[in-house]
Amino acid sequence: MPRYLTVAAAQLGPVLRDEPRESVVKRLIALLEQGKKAGCELVVFPEMALTTFFPRWYMANKAETDEFFERAMPNDRTQPLFEAAARLGVGFYLGYCEMFEEGGRTRRFNSAVLVDQKGRIIGKYRKVHVPGNRVYDPKLPYQHMEPYYFEDGDLGFPVWQAFGTTVGMAICNDRRWPETYRVMALKGAELIVLGFNSPSQLPDWPDQNVFRVQHHLVCMQAAAYQNGLWIVASSKAGREEGVDMMGHSCIVAPSSDVVAVTQGLGDELIAYRCDLDLAPYYKSFFGFEQNRRPEHYGIITQMQRQRLAAQ
Ligand code: CDV
């Protein structure tokens, strides 16, 4: 029996600081409805989809950022999105900022949930690779202070049996790391869904600006091919609070082909009917079981242990 999944990347144009959650949720529901019309079973929203990308600002008092976090998911303001998913029969991936109290301290993560076609959460992921500066840098026109605001994700890279396949999640900077995909591929992932917020210019690495789109695409094209999986990546795009955010939300096939990509920098949905059997086909081409040589890969994890020990 051939296996197909119609999936979409639902890109969001800018979300400004004063845009109420209710308004963003309406935009998400409109995209979900477009996804339904396009025959989608799953729609992928961006990283931190409910708010502006606040780590571009430094706030000495972290409590000032509470407005950007969700204390529960779903909650009163996001419940309509979950209800829409159940009504339309379309699942979704949603990136958001997660906050809770544990052991007398406040914990904050850059997280995402996977929601099924009945509007139920079936998986949660917390961003493992948390990039940027921990300390405010006054020389930069804007910051990228994720390590100051968020803990490293502590859930690893789980995968879920859902949507007729094996699905894994990642968030933004994770997509640039080969290990992200490899770990989930070894757990059988055939589809990885991710949201991102990537500025078009990096003020501390200006020589990289010309490569921004190329590097965004090449890491996922290589990963899709090397791991035999589909990747759906959804961006927050356009000029958000004075910062240009890259568009180029896309769907990448296991062949490495970019089969769909957004054309603009606003709210935009791109859908594709994915042949899931391409995943086992490309995995068997590499022959993971027979041809991998993990006895030569130890340094990948040993170096991490040494660095941690030296801290
Ligand atoms: N949100 C991100 O994780 N952004 C990173 C950069 C800009 C630090 C990225 O890899 O796009």
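The values are calculated or read from the model by the stated rules, or taken from the named source; none is laboratory data. Here the structure is a predicted model, which means the values were calculated and not measured. We place every Cβ from the backbone using ideal geometry, glycine too, and count neighbours over all the protein chains shown. The protein model used for the area step is the full one, side chains on, heavy atoms only, and it has no ligands, DNA or RNA in it. Shrake-Rupley method; radii C 1.70, N 1.55, O 1.52, S 1.80 Å.
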Of all DSSP beta bridges in the chain, what percent run antiparallel (nearest 5)? 65 percent
How many percent of the accessible area of the chain is carbon or sulfur, using a 1.4 Å probe? 53 percent
Candidates LYS36, LYS127, LYS118, ranked by Gaussian network fluctuation over the chain, Cα under 10 Å, top entry: LYS118
Express the relative contact order of the chain as a whole percentage, based on alpha carbon pairs under 8 Å and six or more residues apart in sequence. 21 percent
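Based solely on its DSSP helices, what 222 nm [θ] is calculated for the chain when runs of n ≥ 4 H residues each add -39,500 (n - 2.57) and the sum is averaged over all residues, nearest 500 deg cm²/dmol?
Values: 8 runs with 81 residues, N = 311.
Counting only the DSSP helices, I get -7500 deg cm²/dmol.
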Run the quick spin-label model on ARG105 and PHE286: label points 7 Å from Cα toward the beta carbon, then report their separation in nm to one decimal. 3.6 nm
Starting from the Cα of ASP76, step 7 Å along the direction of its Cβ; do the same at ARG239; then give the gap between the two resulting points in nm. 3.5 nm
Note to self: C-alpha centroids of region 8-45 and region 123-182 sit apart, in Å, by 21 Å
Over 25 Å between Cα atoms: which of LYS36/LYS124; LYS26/LYS124; LYS36/LYS118; LYS26/LYS62; LYS62/LYS187; LYS124/LYS187 fall into that group? LYS26/LYS62; LYS62/LYS187
How large is log10 I(q)/I(0) at q = 0.13, 0.23, 0.30 Å⁻¹ when the Debye formula is applied to the Cα atoms of region 166-220, each weighted equally and without solvent? -0.37, -0.89, -1.22
Hey, any idea what Rg/Rh is for region 7-49, computing Rh the Kirkwood way over Cα pairs? 0.99
Give the accessible surface of region 225-311 per residue, rounded to a whole number of Å², with probe radius 1.4 Å and ligands, DNA and RNA excluded. 55 Å²
Not counting ligands, DNA or RNA, and with a 1.4 Å probe, what is ASP66's accessible surface area in Å² rounded to the nearest 10? 50 Å²
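Applying 1/(1 + (r/R0)^6) with R0 = 22 Å to the Cβ-Cβ distance of LEU140 and VAL259, what FRET efficiency is obtained, to the nearest 0.05? Intermediate values should be presented prior to the final figure.
Working: r = 36 Å, r/R0 = 1.65.
The pair LEU140/VAL259 has a calculated efficiency of 0.05.
Starting from the Cα gyration tensor of region 116-274, multiply each eigenvalue by 5, take the square root, and state the resulting semi-axes largest first in whole Å.
Values: eigenvalues 139, 71, 46 Å².
Square roots of five times the eigenvalues give 26, 19, 15 Å.
Give me the dipole magnitude in Debye, nearest 20, for region 109-229 about the Cα centre, with unit charges on the beta carbon: positive for Lys and Arg, negative for Asp and Glu.
Magnitude of the dipole: close to 280 debye.
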What's the Kirkwood radius of the chain in Å, using all Cα pairs? 19.8 Å
Charge tally in the Cβ shell below 13 Å around LEU88, where Lys, Arg are +1 and Asp, Glu are -1, LEU88 excluded: 0
Rounded to the nearest 20 Debye, what is the dipole magnitude of the chain about its Cα centre when Lys and Arg each give +1 and Asp and Glu each give -1 at the C-beta? 480 debye
Under a crude label model (7 Å from the Cα following the beta-carbon direction), how far is ILE121 from ASN133 in nanometres? 3.3 nm
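Please give the charge dipole size of region 176-243, origin at the Cα centre, charges +1 on K and R Cβ atoms and -1 on D and E Cβ atoms. Round to the nearest 20 debye.
Values: 6 positive and 6 negative charges, 34 e Å.
Rounded to the nearest 20 debye, it is 160 debye.
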